[in-house]
1. Jot down the radius of gyration and Dmax of segment 467-602, Cα atoms only, both in angstrom.
2. Based on the mean of other beta carbon atoms within 10 Å per residue, what is the order of 410-421, 144-155, most packed first?
3. Would you kindly derive the ³J(HN,Hα) couplings of segment 625-639 from the backbone phi angles with the Karplus curve 6.51 cos²θ - 1.76 cosθ + 1.60 (θ = phi - 60°), listing them in order in whole Hz, with x for Gly and Pro?
4. How many lysine pairs are close in segment 4-102, with Cα atoms under 23 Å apart and the two 8 or more places apart or on different chains?
5. Is the C-alpha gyration tensor of segment 534-615 telling us rounded, prolate or oblate? Criteria: a/c under 1.5 is rounded; beyond that, a/b larger than b/c is prolate, otherwise oblate.
6. Starting from the Cα coordinates of segment 590-696, work out the convex hull volume and express it per residue in Å³.
7. Let me make sure I get this right: for segment 75-116, a, b and c are the square roots of the gyration tensor eigenvalues over alpha carbons, sorted descending. Under 1.5 in a/c it's rounded, otherwise prolate if a/b > b/c, else oblate. Which is it?
8. Just report the Cα centroid separation between segment 676-699 and segment 1-68, whole Å.
Amino acid sequence: MDAAAFLHHLVSLTDYSQQIVHIERIPHQGAILEKLDNPLHPSLQTCLKSLDIPALYSHQAKALNTVLAGKNVIIATPSASGKTLCYHLATLDALVHDKDSRALYLFPTKALAQDQLRSLRQIVSLLPSPIPTHRGQAISPAAMATFDGDTPQDERANIRRQARVVLTNPDMLHLGILPNHQSWSRLFRNLKYVVVDETHIYRGVFGSHVANVLRRLRRLCAFYGSNPRFICCSATIANPQEHAQNLVGLPFEAVVEDGSPHGEKYFTFWNPPLIDEAKTGRRSSNSEAAFLLKELVQKEIRSLVFASTRKLTELIYIYTQEQLAPSLRDKISPYRAGYLPEDRRRIEHQFFEGELLGLVATTALELGINIGDLDATVLTGYPGSIASAWQQAGRSGRSTHSSLSFLIAFENPLDQYLMRNPDFFFTKNFDNAITNPDNPYILKPHLLCAAWEKPLQDKDEEFFGPTTGTMLVELEQEGRLKRREVRWHPAPSIFYPAQDINIRSTSGQVYAVIDGQDGQLLETVEASVAFFQVHPGAVYLHQGESYLIKELDLARRIAWVEPRPVDYYTQTMEIHEIRIKKQLKENDCHGVKVYFGDVDVTITVVGFKRKKQFTEEVITEEHLDLPPQNFPTKALWFDLPQKAINRIADDGLDLHGGLHACEHAAIGILPLFALCDRNDIGGVSTPLHSDTGKAQIFVYDAHPGGIGIAEKGFEMILQLWQATLKAVEECPCPDGCPSCIQSPKCGNNNQPLDKEAAIVLLEELGASAR
């Protein structure tokens, strides 16, 4: 593919409206090779030659040297850099040297586990048989197996007994393997390596759960007498060593310098055009993605479009279908979680074999699933982190050929900041991945699971941290644990506690989405987001078909739907309230007090908007009567400089509107500094807070117990103020728009907002830092 020629083609189209705001040409890089300190087993050297791998890249050699020296390692290099080979070689080297050794591979998705099983078996099939070792042990592809929810029941016992490499996911490890460890005693007793792939995915709530699952795993390994080394692989993040240590609870070495070759890439920033002279709105990012996919498919360029949600995946697919000629409509497909496994495998196969030219996918395909070489990737909206953006962009050009990537901006402060400051994206040392395994709402359920697996003792603080003793006492007071001498056992009423924990959420509960016409279960939705996605009147998309939510049964957790073709989508409006429970930290930034502590948050979904597809025009607004959701969490908050308050009063500006605008913008910008989604954080602003008697702006973690994002914001408050000022000040709108200070989810309908007052506040906050 000639990337430059395609960009020239776009610019020449009559529909082109100056959307390209930046093109970053990333030059070709040659391979950097390095030798191992000690050679691999001769059979593996022969195998590498058969795979046409004459030498290892520098990062592969450094990682293997670290692992073979008995240390834990995290490899944080870009997509398609050959990280997989690092753990395959380490594992196979252990297997050929010791007939009893075992390995456990963890992947965030079942599809990725299946894909890596294929690549591992390919290597094993090239090994000489029998392998000449001091124990005379041969290895066959049958000794490697996936173990997940799709594994047939009649195969499971054999996998438990005989598999030398088990590929699974954290959910199955938590739910099926650890609680039944007696059946897996051979694996635990001989476990040499634990591989945690796509480590950057394990952040926030999911990462905090996985961190506790890995601590439970380490505890059982110690019980069986093994001490496995951990090999983590990650996209490039700012804190790989710290993240791996927080996730696993052990010391790590980090390998971050990439030695792999890659072809030339053109990374294009694409900003949807303004739709009115007042400069207060932009064309829909979804329709821009559909336009680009249409052009790519028409030029027979193999492309993958990423969308941030299931709903947007379906919308972009529908929009593109409507624009393509009939002969090309069956050349594209949506792909996302929620589809049946056989449907996902069929789509993957069709795309790999070239039957499809384009896919519209959620982040399920951000990961390393092999779908063949791609020429172009389109990111619909900034995915929330620079690491994820590069991971998605890296799906195209996974060889030494040239490739093309587009980042289409959403109309929010974060995306628009990047459009106006592309150097921030291309020069920043990525983002911090954050977990909080000590969150009591996450830790306590895992302690209960650990007690079910093997009674807890005080010494287990070694695995679960210094708050373990306090948590055990609380669980006893709640009637869930019983102390007998020096051990803690589950109470008689507790049975198989792992089944009550959804490690991908804090609630563990789901709502069923059921078609009221035939009673068919379409999907499930987490309880924590049900009020936002399946409220009465919501439009819900499933496999390209639109459904209208007719009733939300709160008691039975059922959303009743009916098929309904509509030309609009829905978006909730919310009101957030906050009370301070305990101040934990305080910082004085040149006279401006910044705080961090425990808070109680109440969120009420008060209504929703119907918005026209393509144009985003608000058609109507509807009131909702849903119960408030209350939860304890962590927050940062700060005072306002008196000088700013005086300037706002002197200039006749609206202090409340300035606070509100500053809060919206700061929430939009914070994901620049912490790996999180916009929905992982919330905010409140008020000219007079009842707990402080002062004007305050709060930013809080939107998950019970907190996940560390507000604390990272507290630590980086100066950078947050400065970046927020830049985002608001540089926006071309006169009075505020969704690109700077408006929030589509604001329950107060974005009233009041005062852009000038927000700039004054942020200027004085920034001045205090200088």
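1. 21.9, 66
2. Going by the mean number of other Cβ atoms within 10 Å, highest first, we get 410-421, 144-155.
3. Values, residue by residue: 10, 10, x, x, 10, 10, 7, x, 7, 10, 8, 10, 8, 8, 6 Hz.
4. Summing the qualifying lysine pairs gives 10.
5. The shape class here is prolate.
6. 176 Å³
7. Oblate, because a/c is 1.5 or more while a/b does not exceed b/c.
8. 44 Å
The values are calculated or read from the model by the stated rules, or taken from the named source; none is laboratory data. None of the values given here were measured: they were computed from a predicted structure. When we count neighbours, we look across all protein chains shown, and the Cβ atoms used for this are built from the backbone with ideal geometry, even at glycine. The area values use the complete protein model at the heavy-atom level, side chains included, leaving out ligands, DNA and RNA. Shrake-Rupley method; radii C 1.70, N 1.55, O 1.52, S 1.80 Å.
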